[in-house]
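Trainee: Next up is a structure, given as structure tokens.
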């Protein structure tokens, strides 16, 4: 009795023989490979149906970065344009805050996803125009420099009054945020478009525009939720929602096996949910706000903003998920 | 400067996996994440961070001459896969740190002391060669035994191959040898013998060519390997349009609304 290993209480000799046989059978069955029957190799299935290419090995940080970077980039564009057109200083200030928060969070997320985070500076050894990731790193650096300068300038102005330096930093920073915000919101589309993943590279020509629209949707939406009720933001949101509606329609209409993960299964439904939340819903709500006024209109705009922000986040997750499915399903 | 290459002749491979073992031995590659897969004698399944040589066990329905003359014997063929060291390499183009470089032997070498594990090469390889090691954090792949080649030694896998299924040499010589071997096989009645050397694709040829029987897709070798840089133009055109649209749209919204609050 005492020689029964402590780790295997289920094999206690108290069990009758039949019960022990059942246990052994269960254990043996668990060792069967997942694919029973004759494994298939053919031109159509490839080598045992195993994928030819690798799935992305990025973790949750990357879709979150796509969302935050997109919103921050769009906020940077709004910051620059609002500043240059002499719009309300409060709007400029809040847009700058979103952009600044994005330019702190984005590198943090990217570094955290690295396999060797301590070596993030290795990215800054080179500039490779043929690598969207390298280009993106420098866009992010430029955007960070712009938003930091603008933030520093406005801090100086608030602290010690108007000065030439504060003015210069603020203006140069806002212009920098505008110039780098545009590519920051769109390059992530190129980043995943220029890969071997079929569902992504097939859409290389639309992804940057799609992601930029998604960024504008979330950037404008966040500013509205921060309390900025302006016609400009509503129009901007309408424009982005219109583009997103078109993108959603083009995905649905595309007929090619490579885009199946964008239309079918869980990743397809994520794309669809993200698309509806970013496109038709905010578009309709914003249009309704044009024909109403007062609190009612504000409510429509607020719902549109929430829908856009959530839709943008869902869209990023959906595209990454679709990439995983696409890589798994890729056959030679 | 020379143009090193591998010629892997599947018709000579006996599936001994000495190449896998020698590779691990010489390069100190850690153990694979192996689990029981039930797919012939192959539990490694694919190349990756810890598998720089991988022997495929291509098992099929009984076919006389492929695995013996017994009509009930399953057909067998083995093929040792390896990084292709492409002429236009997706991983090399994508690497944002410059860790991946082209060596004097024309191979693609990943410098582990520079790689920071961004994993962009993983989704840039049309052959699925690279992966990010979940323990180490960095990506790894076949070095083409860069250190051995520096010392005028042949790569470890080629050195140990007992049947000369893996041959190492100058690319042009091996290309010629591959054609000769294919002709020889076909003359002997092995009419489905083929050479895999994707010169007319966007990778513009590889430094690892293969001889095997049948369809290349049965060996998970893509018919049309695509280097992702071919999508650059489309992607950046779209990004430029997006930037223009953002600027124009935002200017229009702010100027057109006259700064009106709601």
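No value in this document is a laboratory result; all are computed from the given coordinates. None of these values were measured; they are calculated from a predicted model. All Cβ positions, even for glycine, are placed from backbone atoms using ideal geometry, and neighbour counts span all protein chains on display.
Trainee: Run lengths n ≥ 4 of DSSP H only: what is the helix-derived mean residue ellipticity at 222 nm for chain A, with -39500 (n - 2.57) per run over all residues, to the nearest 500?
Mentor: -24000 deg cm²/dmol
Trainee: I've got another one for you. What do you get for Rg/Rh over chain A if you use C-alpha atoms and the Kirkwood form of Rh?
Mentor: Across chain A, the Cα-based Rg/Rh ratio is 1.15.
Trainee: Right, here's the next one. Nearest 10 degrees, 0 to 90: what angle lies between the long axis of helix B:232-256 and the longest principal axis of chain B (Cα atoms)?
Mentor: Around 20 degrees separate the two axes.
Trainee: Continuing with this model, one more query. Just to confirm the number: angle between the C-alpha axis of helix B:18-27 and the first principal axis of chain B, 0 to 90 degrees, nearest 10?
Mentor: Compared with the principal axis, the helix lies near 50 degrees.
Trainee: Treat the range A:90-138 as a sphere of radius equal to its Kirkwood radius over Cα pairs and apply Stokes-Einstein at 10 °C in a medium of 1.306 mPa s; give the translational diffusion coefficient in µm²/s, rounded to a whole number.
Mentor: It diffuses with D of about 128 µm²/s by this estimate.
Trainee: Please compute the contact order of the range B:4-226 in relative form: average sequence separation of alpha-carbon pairs under 8 Å and at least six residues apart, divided by the residue count, as a percent.
Mentor: 27 percent
Trainee: Where a ≥ b ≥ c are the square roots of the eigenvalues of the C-alpha gyration tensor, would you call the range B:175-225 rounded, which needs a/c under 1.5, or, failing that, prolate if a/b is larger than b/c, or oblate?
Mentor: oblate
Trainee: Calculate how steeply helix A:132-160 sits against the longest principal axis of the alpha-carbon atoms of chain A, using the helix alpha-carbon long axis, and give the answer as 0 to 90 degrees to the nearest 10.
Mentor: 40 degrees
Trainee: Please say if the protein assembly as shown is rounded, prolate or oblate, where rounded means a/c under 1.5 for a ≥ b ≥ c the square roots of the C-alpha gyration tensor eigenvalues, and otherwise the choice is prolate for a/b larger than b/c and oblate otherwise?
Mentor: Cα axes put the protein assembly as shown in the prolate bin.
Trainee: I need A:269, A:138, A:319 ordered by Cβ neighbour count within 10 Å, fewest first.
Mentor: Ascending number of Cβ neighbours within 10 Å: A:269, A:138, A:319.
Trainee: What full-extension length gain, to one decimal in nm, is calculated for residue A:124 and residue A:329 as 0.36 nm per residue of separation minus the Cα-Cα distance?
Mentor: 70.3 nm
Trainee: Using Cα pairs under 8 angstrom and six or more residues apart, how large is the relative contact order of chain A, in percent?
Mentor: It rounds to 21 percent for chain A.
Trainee: Go ahead and estimate [θ] at 222 nm for chain B from helices alone: -39,500 (n - 2.57) per DSSP H run with n ≥ 4, summed, over the residue count, rounded to 500.
Mentor: Estimated from H runs of four or more residues: -8000 deg cm²/dmol.
Trainee: In the range A:58-194, what is the volume of the convex hull around the alpha carbon atoms, normalised per residue and reported in Å³?
Mentor: Expressed per residue, the convex hull around the Cα atoms of the range A:58-194 is 110 Å³.
Trainee: While we're on this one: Just to be sure I understand: if I project the alpha-carbon convex hull of chain B onto a plane and average over all orientations, what area do I get in nm²?
Mentor: Hull-based average projected area comes out at 20.0 nm².
Trainee: Taking the radius of gyration and the Kirkwood hydrodynamic radius from Cα positions alone, what is the Rg/Rh ratio for the range A:111-165, to two decimal places?
Mentor: For the range A:111-165, the value is 1.19.
Trainee: Using only alpha-carbon positions, what ratio does the radius of gyration of the range B:108-154 give when scaled by 2.2 N^0.38 Å?
Mentor: 1.25
Trainee: With 10 angstrom as the radius, rank A:67, A:143, A:127 by how many other C-beta atoms surround their C-beta, starting from the fewest.
Mentor: Result, fewest neighbours first: A:127, A:67, A:143.
Trainee: Between rounded, prolate and oblate, where does the range B:1-79 land on the alpha carbon gyration tensor, with a ≥ b ≥ c its root eigenvalues, rounded for a/c under 1.5, else prolate if a/b exceeds b/c?
Mentor: oblate
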